Amino acid sequence: MASWARKLEVPRTSEFNRWINYDIRPIEAARRTWGYLTFHNYWLLVNTNISTYLTGSALIPLGLTWWQALICIVLGNLLAMMFVILNSLPGAYYNVGFPVVNRMVWGMWGSQFVIWNRIFLSLVWYGFTAWIGGECVYVMLQSWDPNLEEHIPNHMPADTGMTTASFVSYIIFSVLSLPVIWIRPHKLNGFFYFASSVTIVFFLVLLIWALATMGPSGFGDTITNSTDIPQTGGPDSVAWLMVYGVISTIGSIAAGILNQNDYARFAAAPKHAVTGQALPFPIYGIVCSVIGILVTAATQDRLGGEAVWNPPTLLSQLITQDPSPGTRAAVFFAGLALVVSQIGVNVPGNALSGGFDLAATFPRYINIRRGAYMTAVLSVIVNPWRLVNTATTFLTVLSSYSVFLGPMTGLMVASYLVVSKRKINVDDLYRGDRTSIYWYTAGFNWRAAVAWTVGFAPLLPGFIAAVNTSATVSAGATEIYYMSYLYGFCASGIVFVLLHRVFPAPSLDAFVRNGMSAAGTRMLYREKWDDVGYEDGVVIEGADKHVDVEVDAVDVERKG
């Protein structure tokens, strides 16, 4: 058994350090390949896809008008962009990923709590996105055979909400994604260029087609300027529903905000991680949501008055209405573009996220590739076909878990910017004993647990009511839940800082107060960890150095 276990170990895992392998170490210069365009293309893919397109389907059915929904979308994306940049700073400057940064926040063992939460989300989001990708494959198959359901006998129980044909399409999409998962993160640039080009062209062509063929009837009632909901006066008013709309927009990307350090660490320079996200993130998030509203409204009348939000469903109905060769050819290429788009968001955004986290949890046996493939295979256990039922369910799935993610993100930002004053002892992030300044108490930072609890506990009644619609809570509980992400982010961050001020961690406090500036600290650890580089787990230059070095702080400042 020991012999087989050794064969399963990933290459170049340090024999004397159980907390590190080459995929979770600080990224050396050879793998820092993400420039401005790479971040631009990454966020184009993450924010221009079917999930973002459906944002309006979660807001307008609440009773908001199209322009009220648009205000929510704009404000939500701008706030989310701010959180993304703030939470990507440790990765951009120290080249360490999300699971490693959380060792600084929660302690060496305490960080496992946050990491396993993110692994769970990777499974949910991968399965959810893969199922929608399967719907795109379905319309491609339907374009070949309009009577697809008749030729693939259905053996699925009715309560599953799917047919054998749709499940086969889901499997096909999942198989098509596997080769892309093999690509190393620092080599994704070429795929990003291809997938982002296909994606943006498709959505623009879809918009042009919808508007150009709308006909004299114009937009359906999806676009309306009036609402019967009172403007103010409680959680069912327009004012509070717009607050909820803003927070749900943030909640839809909350998981991506939480682990953004996993991608920022590949930045060629810190400025690329900042400028490469500041504009593309909100622009594409807003544009894709607006395209979804306009296309749905422009096609509503031609589909019998039904507002069809889901693009694969729209394409499928077009074939049903007109199975001519021209329509079927157009639908086939539209479905193909959507498949590329869904792979473009699912692999980097979900498969690799799971890969990073599993590699940090089991560094001796799992690297990014193994972890990403495990995420893809295990995602089927979340029953993704049950996550896509109605617009209301979609909204709940997107936003409710941000109750827990907002406080976690607030802790990370507060820890880096305020408690640690932008100084990280990178060596100690990989030292799993009491000699690490991030060991705290038996490997756990109790301050983080207390601050996180303060951030999410008041939101639980509203969260339960959102998940279980039969439950009733007070108006006040609902209103604070409507502000969940902002409240959790701010409350947990503030309490975390106060606890570190009142009950400081001696070793961490001494490191933060030493004579070296944040810039000098970054230079020290970047130069040290750049001494060794890896390519697929094999050392390509220098030597494997994971030991402490004594450096004169004044000398480092002079070099800086």
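The values are calculated or read from the model by the stated rules, or taken from the named source; none is laboratory data. Every value quoted in this text rests on a predicted model; they were computed, and no experiment measured them. Because the Cβ atoms are built from the backbone with ideal geometry, glycine has one as well, and the counts that use them run over all protein chains shown.
If the condition is being among the β-branched types (Val, Ile, Thr) and either modelled with pLDDT of 75 or more or at positive phi (or both), then region 1-41 contributes 10, 20, 24, 27, 33, 38.
The rows are residues; the columns are (1) out of contact with any Gly (no Cβ under 9 Å at 6 or more places or on another chain); (2) within 20 Å of residue 374 (Cα to Cα).
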{"site": "139", "(1), (2)": "no, no"}
{"site": "150", "(1), (2)": "yes, no"}
{"site": "155", "(1), (2)": "yes, no"}
{"site": "161", "(1), (2)": "yes, no"}
{"site": "165", "(1), (2)": "yes, no"}
{"site": "170", "(1), (2)": "no, yes"}
{"site": "173", "(1), (2)": "no, yes"}
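Assess whether residue 517 counts as being among the polar types (S, T, N, Q) and in contact with a Ser or Thr (Cβ under 7 Å, 6 or more places away or on another chain). Against the criterion (among the polar types (S, T, N, Q) and in contact with a Ser or Thr (Cβ under 7 Å, 6 or more places away or on another chain)), residue 517 does not qualify.
Number of residues in region 149-173 that are in a helix (DSSP H, G or I) and more than 24 Å from residue 351 (Cβ to Cβ) equals 8. Scanning region 165-199 for residues that are of a type in the set (Gly, Ala, Ser) and in contact (Cβ under 8 Å) with a residue 40 or more places away in the chain returns 166, 174, 177, 195, 196. Step by step: first the residues of region 477-504, then only those that are crowded, with 21+ Cβ neighbours inside 10 Å and aliphatic (A, V, I, L, M), then the one that is nearest to residue 466 (Cα to Cα). Which residue is that? Among those residues, the one meeting the criterion is 491.
Taking the criterion of being surrounded by 19 or more Cβ atoms within 10 Å (Cβ to Cβ) and outside any helix (DSSP H, G or I), the only residue of region 310-339 that qualifies is 310. One residue stands out among those in region 340-376 that are closer than 26 Å to residue 19 by Cβ and among the β-branched types (Val, Ile, Thr): the one that is surrounded by the fewest Cβ atoms within 10 Å (Cβ to Cβ), which is 361.
Considering region 393-425, the residues that are in a loop (DSSP other than H, G, I, E, B) and at pLDDT below 95 include one that is farthest from residue 498 (Cα to Cα), namely 400. With respect to being under 24 Å from residue 298 (Cα atoms) and under 29 Å from the mean Cα position of the chain (by Cα), residue 219 falls outside the description. Somewhere in region 209-229, is a residue in a helix (DSSP H, G or I), buried (at least 20 other Cβ atoms within 10 Å of the Cβ) and either without any contact (Cβ under 8 Å) to a residue 60 or more places away in the chain or in contact with a Phe, Trp or Tyr (Cβ under 6 Å, 6 or more places away or on another chain) (or both)? Within region 209-229 (the criterion being in a helix (DSSP H, G or I), buried (at least 20 other Cβ atoms within 10 Å of the Cβ) and either without any contact (Cβ under 8 Å) to a residue 60 or more places away in the chain or in contact with a Phe, Trp or Tyr (Cβ under 6 Å, 6 or more places away or on another chain) (or both)), the answer is no, since none of the residues qualifies.
Can you confirm whether residue 366 is in a loop (DSSP other than H, G, I, E, B), out of contact with any Lys or Arg (no Cβ under 7 Å at 6 or more places or on another chain) and at pLDDT 90 or above? The answer is yes for residue 366.
Within region 163-206, if we keep just the residues that are polar (S, T, N, Q) and out of contact with any helix residue (DSSP H, G or I) (no Cβ under 7 Å at 6 or more places or on another chain), the residue that is modelled with the highest pLDDT turns out to be 197.
Do you know which residues across region 230-253 are within 16 Å of residue 74 (Cα to Cα), in contact (Cβ under 8 Å) with a residue 40 or more places away in the chain and in a helix (DSSP H, G or I)? Those that are within 16 Å of residue 74 (Cα to Cα), in contact (Cβ under 8 Å) with a residue 40 or more places away in the chain and in a helix (DSSP H, G or I): 241, 242, 243, 244, 245, 246, 247, 248, 249, 250, 251. Scan region 130-148 for residues that are β-branched (Val, Ile, Thr) and farther than 23 Å from residue 348 by Cβ and the total you get is 1.
Within region 423-443, being farther than 16 Å from residue 26 by Cα and not small (Gly, Ala, Ser) holds for 433, 434, 435, 437, 438, 439, 440, 441.
Of all the listed residues (315, 378), the sole one being aliphatic (A, V, I, L, M) and either farther than 25 Å from residue 256 by Cβ or more than 26 Å from the chain's Cα centre (by Cα) (or both) is 315.
Considering only residues that are exposed (fewer than 15 other Cβ atoms within 10 Å of the Cβ) and not polar (S, T, N, Q), look in region 196-208 and name the one that is nearest to residue 330 (Cα to Cα). Once the filter is applied, the top-ranked residue is 205.
Contact map, region 502-514: first residue hydroxyl-bearing (Ser, Thr, Tyr), second residue modelled with pLDDT of 95 or more, Cβ cut-off under 7 Å, separation 6 or more or different chains; pairs are 507/437. For first residues located in region 451-466 and without any contact (Cβ under 8 Å) to a residue 24 or more places away in the chain and closer than 17 Å to residue 413 by Cα, partners that are polar (S, T, N, Q) and assigned to a helix (DSSP H, G or I) and lie 6+ apart or on another chain with Cβ distances below 9 Å form the pairs 453/492. Taken across region 103-113, residues that are at negative phi, modelled with pLDDT under 95 and buried (at least 21 other Cβ atoms within 10 Å of the Cβ) do not occur at all. For region 427-466, the set of residues classified as loosely packed, with under 15 Cβ neighbours inside 10 Å and in a loop (DSSP other than H, G, I, E, B) consists of 433, 434, 435, 442, listed by residue number. Checking the stated criteria, residue 30 turns out not to satisfy the condition of being within 28 Å of residue 410 (Cα to Cα) and touching a strand residue (DSSP E or B) at 6+ places or on another chain (Cβ under 8 Å).
Where helices (runs of 4 or more DSSP H) fall wholly inside region 1-94, the ranges with 3 or more residues that are among the hydrophobic types (A, V, I, L, M, F, W, C) and surrounded by 21 or more Cβ atoms within 10 Å (Cβ to Cβ) are 36-47, 66-87.
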